[in-house]
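Novice: Please see the structure below; I have some questions.
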Amino acid sequence: MHGDFASRDADGLWYLHGRSDDTLKIAGKRTGPFEIEALLMAPGLVLDAAAIGMPHAVKGTAVVCVCVPRPGIEMDAAAKSLSAAVVEGLGGAFWPAQVVFVADLPRTRRLALPK
């Protein structure tokens, strides 16, 4: 079991979306960051998104969404729309504690394979 969530398109190209073994337990419910990130991307308001867990006194863990906004969007309205998209997809327990907008998200460096 490799733990990566991937898909293959009609042309046979593979896309790695993230770790399938990452789990957020929020108010007794479990989901992966990828499910939240897909909901954040769906409205077309952001170029990239990451969902992370943050300690919460009642829920155990709360969702924090870190997003790269598309140029020209109104961020307050976008944050409300993104939060609503997560709730619509997963339920009220997953209402993000925060939606943070950033210029870019860090990426893991690609390592060259030995020849």
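Novice: Does Ala50 satisfy the criteria of being part of a strand (DSSP E or B) and aliphatic (A, V, I, L, M)? Before the answer, list the steps.
Specialist: Values: part of a strand (DSSP E or B): yes; aliphatic (A, V, I, L, M): yes.
Yes, satisfied.
Novice: Give the range 32-45 a look and list any residue that's over 11 Å from the mean Cα position of the chain (by Cα) and either buried (at least 16 other Cβ atoms within 10 Å of the Cβ) or part of a strand (DSSP E or B) (or both), or say none.
Specialist: Leu45
Novice: Identify all residues within the range 8-31 that are of a type in the set (Ser, Thr, Tyr), farther than 15 Å from Val87 by Cα and surrounded by 10 or more Cβ atoms within 10 Å (Cβ to Cβ); write none if there are none.
Specialist: If the condition is that a residue be of a type in the set (Ser, Thr, Tyr), farther than 15 Å from Val87 by Cα and surrounded by 10 or more Cβ atoms within 10 Å (Cβ to Cβ), then Ser20, Thr23 are the ones that fit.
Since every read-out is calculated from the coordinates, none of them should be taken as a lab result. Model, not experiment: these values are computed from the prediction. Cβ sites come from the backbone with ideal geometry, for glycine too, and all protein chains shown count toward neighbours.
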